[in-house]
Every structure is written in C-alpha cells, then in structure tokens.
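The values are calculated or read from the model by the stated rules, or taken from the named source; none is laboratory data. Just so you know, these numbers come straight off a predicted model, no measurement behind them. Reconstructed Cβ throughout: ideal geometry from the backbone, glycine too, with neighbour counts over all protein chains shown. Accessible surface is based on the protein model in full, side chains and every heavy atom, while ligands, DNA and RNA are left aside. Shrake-Rupley method; radii C 1.70, N 1.55, O 1.52, S 1.80 Å.
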Amino acid sequence: MTPTRRSLLAAALTLPAAPFLARLARAAAPVDVAGPDALEGAIRAAAPGTVLRLAPGEYGRLAMQGGGGTKGAPLTLTAADPAAPPRFDRMDLRQVAYLTLDGLDLEYRFARGDKLTLRPFTVLGATGLTLRRLRIDGDRPTGVSPVDDGFGTGFGLSLRDGTDLLVEDCEIADFFVGLHASRSRGVAVVGCNLHTLRMDGLKFAGIEGLRIEGNRIHDFNRSLDSQDHSDMIQIFTEGTTRPSRDVLIRNNLLSSGAGWFTQSIFMRNEVVSKGGGAEMFYRNVTIEENVIANAHLHGITVGETEGLTIRRNTVVRNARSEGAQKNAALWTPMIRVAERSRDVAIEANVVAKIVGYENQPGWTVARNMLVQDVSPIQPGFYETVLTGDPSDPAGLRYRAGGPLDGAGVGASRLQG
C-alpha cells in the first residue's frame, strides 16, 4: 500500500528530535554579554550551541560547576572585539561539558603570599573542552627571594581528570610551569606558543591519548641558582598508577634561543626505574619531525616503553645556551632510550649521539646521521650539513648540496 501524506508526516514526527535541535542550536544568533555583571546569568540561560560574545573589561574569576553544551553544540565564550578581549584573573571549571573558550585573556598577577606552585587557572573533570586562542599571561614577582625574583611563578594551565581536552593556538608565558595535565584521556596541545617560562613547558602524567603537535616552546627565563629541573616537554610516572600511552609528539620546535639550557623531551619512567613492573611501561609513543636546538644532553630521552618510534627529528646544540661547566658532553643533546624498552625504532634522525641500543631483539636503529660542532675535519660538522645559527632556528636549514639535502633524514621543515 502506498503511504499517505498523513502517514509520512506522522513518521517524520516520530524521528529523533536531537539532531534537529542540535542544528537549530548551532544556528542560533550570538548573545552579546555587556560585562562581568551579566556573564553569570548569560551562562545559566544559554542553550547548547549558544555563542556568548563578551564585551571588553575586567571579569575577575570565571567559575563554573557543571553546565556547558552538548556534543556537536558546545557553549562558547568568545570576545565581542578580538582587539580588546575580556580578561579573567582566575578560572575554576569543574565537571563542565562541551565548553569552548575562544580569544579570551587569562592574566595572573602575583600577590604577596602566593605560592610558587599556585594554579590560578584550573580545570577538573571536564569533557569536550576547547581552549582556543587564549593569551595566558603570568607574572614575575619581586621581593620574594633571590632565586624567585624576576622569574615566572605559578602554573599557566592545570588540567586533571578530563576527557577530550584541546588546547589550541594559545600563548602561555611567564609562569613556573606552562601547562600541567594528569589522569586524563584524549588531550591535545596544538599550535601553541610557550616562552619565558621558569621551569617546565608542558608536563604530563597518566594520559591516555596525548597529542603534542605544531607547538613552539622556546627561550626560557630560568632561575639557575634554584633547584629547578627544567624540561620543555616532560612526561613522567612518579606518583601515578598508570603510564601514559598512545602519545604523539610531532612537528614541534623546541629552542633554547637566547635563554639558558633545558632538557627538551624528557620521558623518564621513574616507577619502572625504581623497580616497577612492565605494566608501567609507556605504550605506543611516537616522536617525529621535531626540531630541537638546545644545550643539554637530554634532547630526546625516553624511559621504559613498549612500542616506541623516534624518527625524522633534528637535534642540534645551541652553544649560546650552555652552562658554565666545561663539559661538551653535558651540553650536547642526544637521543637516549632505556635499554629495557621493547619494539623500538630509531630511524632517520639527525643527532650527535644515540644511547641505549645494544643489539636488543625488536629494536631497529637505521639511517640516522650523526652531526657535531666540535671539529671541522670530522664527519657531520654543522657547517657542512647545515646553514644558519642554532640559536635562531627560524633560519636553520639543510645546506644545499650537502649530505642532508633531499636525503629524507631529519625534520622535513628544515629542507630548503
């Protein structure tokens, strides 16, 4: 029997309404928020998919307990005027879902009594959170102590117990630690600019599904008289009950620049090295296409891992950043992998030295080019394979006609 128009209409009315409502919400007109006094009410009244455009001004603390949008229809807070973004001095987001912050300023200012490890911008238990085009600005206190005065303090971003967290195109500067994330699934830090930090850039523990891609981490403002252990990217297991896994570190620029030396990519597995079992090995780690110009032996250091690929990275020494001690080996970054790691490939990298390979079954070490800046008459001398200055990697390239030109070895971005 041919369906009647009435039966077709009835069938259409019984279809799930959620997709239609989600499309309707996404199409809703933006809501203008006149200032800080109107923001709390606007958030409470906002339906999924609403875009709140915030007028310029000082908004104080951004606090949310629950709330947000839905998958495919997030609640968005953005600047009404991108040239004059709204400014928040604290952020506390707890159990929010499908929330996007876009083009806002988070600006921390030190107050007497603030601890070095203060976390002014925290996210706990979020799902589907996007932080995009934020300027996250810290402070350099004075009048505290000789090792603290003039150096960044506090944590720029602190993320914990979350799922599907994206930090994209953000600038993070003048903190003790740029970003710390732990006990989370699906974390991505993409296209960010981190600089003038005191100790660590990006710091992670207990992450399942981590992507660190296309970031610039550079020119730290270090307190050398302190006990700081500085890393541009650090992943660790100390104090955790599960290792990070499914990690991708790709196409980042890590440059000490005009700052002091730091460790670059440092993934020591503290739990295993202190007697922990194979269940705490990192799992499925890929480190590729990164350019590292720094002055510490830990260029790419990875602890006990099962399933590790390190390929097409260029790791060179920036002599301008080395310390006072006369020890070339200490100031030359290398690739170092824990000997007990399994299923390892170290291929097509440019680096001074590779440590850890002793013909273990399941390891592949091939097509790596060893380079150095000590002796012009020895193979791999920088001036024969590179042009430009490692202290300014924007101008660093593989020398035309040299052994790296078109060789498919090292980071592709340096191919002229």
Pick the calculated Kirkwood radius over Cα pairs in Å for this structure from (1) 23.1; (2) 24.4; (3) 23.8?
-> (1)
Where does the charge balance sit around G60 when Lys and Arg score +1, Asp and Glu -1, over other residues with C-beta under 14 Å from its C-beta?
-> -3
Pull up all non-local amide H partners of R336: gap of 5 or more, or a different chain, and H-to-H distance under 5 Å with H placed in the peptide plane.
-> I300, T301, V302, V355
HN-Hα J couplings of the range 148-163 from phi, Karplus 6.51/-1.76/1.60, θ = phi - 60°, integer Hz, Gly and Pro as x?
-> 10, 5, x, 10, x, 9, x, 9, x, 9, 10, 10, 8, 6, x, 9
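Using the heavy atoms of the protein chains and a 1.4 angstrom probe, tell me the accessible area per residue for the chain in square angstrom.
Numbers: 18390 Å² over 416 residues.
Using a 1.4 Å probe on heavy atoms only, each residue of the chain averages 44 Å².
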Sorted by mean Cβ packing within 10 Å, highest first, what order do the peptides 310-321, 31-42, 336-347, 357-368 take?
-> 310-321, 336-347, 31-42, 357-368
Provide the net charge surrounding E288, with neighbours chosen by a C-beta distance below 14 Å and charges set as Lys +1, Arg +1, Asp -1, Glu -1.
-> +3
For the range 113-173, with all protein chains present and a 1.4 Å probe, just round the carbon and sulfur fraction of the accessible area to a whole percent.
-> 46 percent
Might you work out the accessible area of S223 for me, using a 1.4 Å probe with all protein chains in place, and round it to the nearest 10 Å²?
-> 0 Å²
Amide proton proximity set for F381, modelled H, under 5 Å, gap of 5+ | Q372
Would you pull out the residues with amide H under 5 Å of Q95's amide H, same chain only if 5 or more places away, H placed 1.01 Å from N?
-> G66, L124, G125, A126
Might you work out the accessible area of E304 for me, using a 1.4 Å probe with all protein chains in place, and round it to the nearest 10 Å²?
-> 20 Å²
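With the alpha-carbon atoms as the only input, what is the per residue convex hull volume for the range 146-188 in Å³? Before the final figure, lay out the partial values.
Numbers: hull volume 2.4 nm³, N = 43.
Dividing the Cα hull volume of the range 146-188 by its residues yields 56 Å³.
Tally up the carbon and sulfur contribution to the accessible surface of the range 25-67 as a whole percent, 1.4 Å probe, everything protein left in place. Let's see the in-between values first.
Values: 1320 of 2420 Å².
Whole-percent figure for carbon plus sulfur exposure: 55.
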Counting only protein heavy atoms and using a 1.4 Å probe, what share of the accessible area of the range 322-398 belongs to carbon plus sulfur, as a whole percent?
-> 51 percent
